[in-house]
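Participant: Have a look at the structure that comes next, please.
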Amino acid sequence: NAGVMQNPRHLVRRRGQEARLRCSPMKGHSHVYWYRQLPEEGLKFMVYLQKENIIDESGMPKERFSAEFPKEGPSILRIQQVVRGDSAAYFCASSPGLSYEQYFGPGTRLTVT
Amino acid sequence: ILNVEQSPQSLHVQEGDSTNFTCSFPSSNFYALHWYRWETAKSPEALFVMTLNGDEKKKGRISATLNTKEGYSYLYIKGSQPEDSATYLCAFKGPGNQFYFGTGTSLTVIP
């Protein structure tokens with residue numbers, strides 16, 4: 001049973017470009033969380049999704065950021081018109097239910113130049 | 001904004017020593033507390049999910065206790081080994097959907 005997969009592992013974008021981060025949850029998991037880790041800070045909740053639904057996006061900036069978890073395929077975190085402050089590690093985690101333990105992917109390290 | 005505090009921030013112990021660290025969280029509206037171990041260059045890995053006041057969980061040499069009335073959880077490691085070196089994270093969940101992570105305790109076990 002493969003773990004949570006994230007790709008790419010490293011992503012470099014210039015200011016103003018778009019970043020697309022992908023997360024494939026563990027088999028059988030329908031709950032996905034995205035977290036952001038800024039340098040020298042802890043994991044900060046961004047968004048919680050179930051298949052085809054955004055359940056809670058209260059941790060996500062209202063502009064330029066969006067997330068989806070389609071019926072087929074991975075969950076996508078999309079950042080439009082990236083700025084230097086978006087440089088961070090983005091982790092996704094999946095679980096079989098809301099209060100269950102979360103299984104984390106290896107993260108995508110986004111660098112905006 | 002909800003605060004989850006972990007202390008100490010970092011810790012160095014000798015191999016064989018026992019150690020413990022603390023996670024403090026709001027004492028109201030508690031739903032769950034998670035502990036994770038995060039080794040360098042790896043992903044956070046779940047250790048314990050705790051939901052009831054007075055819960056005690058154990059996995060090998062690692063154990064955890066939970067006091068929801070006063071808002072703290074302790075993680076204990078008995079007879080620390082070099083492979084225990086990692087950052088230990090706790091995450092609090094209230095009635096909403098979010099998990100609030102502490103910044104972690106970085107443990108280094110010196111052989």
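Participant: Determine whether B:S43 is of a type in the set (S, T, N, Q) and at pLDDT 95 or above.
Facilitator: On the way: of a type in the set (S, T, N, Q): yes; at pLDDT 95 or above: no.
Considered against the rule, which asks whether it is of a type in the set (S, T, N, Q) and at pLDDT 95 or above, B:S43 comes out as no.
Participant: I've got another one for you. Need the failing condition index for A:G97 against (1) among the small types (G, A, S); (2) outside any strand (DSSP E or B); (3) touching a residue at least 40 places away in the same chain (Cβ under 8 Å); (4) at the interface with chain B (Cβ under 10 Å from one of its Cβ atoms), just the number.
Facilitator: Of the numbered conditions (1) among the small types (G, A, S); (2) outside any strand (DSSP E or B); (3) touching a residue at least 40 places away in the same chain (Cβ under 8 Å); (4) at the interface with chain B (Cβ under 10 Å from one of its Cβ atoms), the odd one out for A:G97 is (4).
Participant: Shifting gears a bit: Can you confirm whether region B:85-94 contains a residue that is open to solvent by 30 Å² or more (accessible area, probe 1.4 Å), of a type outside the set (V, I, T), assigned to a strand (DSSP E or B) and more than 13 Å from chain A (Cβ to nearest Cβ)? Break it down stepwise before answering.
Facilitator: If we filter region B:85-94 for residues that are open to solvent by 30 Å² or more (accessible area, probe 1.4 Å), which is where we start, we get B:85, B:87.
Checking the rest, the ones that are also of a type outside the set (V, I, T) come to B:85.
Those still in the list that are assigned to a strand (DSSP E or B) too: none.
Looking through region B:85-94, none of the residues is open to solvent by 30 Å² or more (accessible area, probe 1.4 Å), of a type outside the set (V, I, T), assigned to a strand (DSSP E or B) and more than 13 Å from chain A (Cβ to nearest Cβ).
Participant: Select from region A:1-37 the residues that are under 13 Å from A:A93 (Cβ atoms) and among the basic types (K, R) and list them in ascending order.
Facilitator: Scanning region A:1-37 gives a single hit, A:R36.
Participant: I'm trying to understand the selection: among the residues of region A:7-35, which are open to solvent by 10 Å² or more (accessible area, probe 1.4 Å), closer than 30 Å to B:P95 by Cβ and either away from every other protein chain (no Cβ under 11 Å) or among the aliphatic types (A, V, I, L, M) (or both)?
Facilitator: A:S24, A:P25, A:M26, A:K27, A:G28, A:H29, A:S30
Participant: So, of the residues in region A:52-87 that are within 14 Å of chain B (Cβ to nearest Cβ) and farther than 10 Å from A:C23 by Cβ, which turns out to be surrounded by the most Cβ atoms within 10 Å (Cβ to Cβ)?
Facilitator: Looking at residues that are within 14 Å of chain B (Cβ to nearest Cβ) and farther than 10 Å from A:C23 by Cβ, I get A:M60.
Participant: So A:H29 ticks every box in (1) closer than 14 Å to A:R78 by Cα; (2) out of contact with any Leu (no Cβ under 7 Å at 6 or more places or on another chain) but one. Which box is left unticked?
Facilitator: Result: A:H29 fails condition (1) only.
Participant: Separate question: Scan region A:39-51 for residues that are farther than 21 Å from A:N7 by Cβ and open to solvent by 40 Å² or more (accessible area, probe 1.4 Å) and report the count.
Facilitator: Selection size over region A:39-51: 5.
Participant: Specify which of the listed residues (B:S18, B:S24) is in contact with a Ser or Thr (Cβ under 9 Å, 6 or more places away or on another chain), surrounded by fewer than 17 Cβ atoms within 10 Å (Cβ to Cβ) and polar (S, T, N, Q). I'd like the intermediate steps shown before the answer.
Facilitator: Working: B:S24 fails: surrounded by fewer than 17 Cβ atoms within 10 Å (Cβ to Cβ).
So the residue among B:S18, B:S24 that is in contact with a Ser or Thr (Cβ under 9 Å, 6 or more places away or on another chain), surrounded by fewer than 17 Cβ atoms within 10 Å (Cβ to Cβ) and polar (S, T, N, Q) is B:S18.
The values are calculated or read from the model by the stated rules, or taken from the named source; none is laboratory data. As the structure is a computational prediction, the values presented were derived from the model and not from experiment. So basically every Cβ, Gly included, is an ideal-geometry build from the backbone, and we count neighbours across all protein chains shown. Remember, those area values only see protein heavy atoms, side chains included, never the ligands or the DNA or RNA. Shrake-Rupley method; radii C 1.70, N 1.55, O 1.52, S 1.80 Å.
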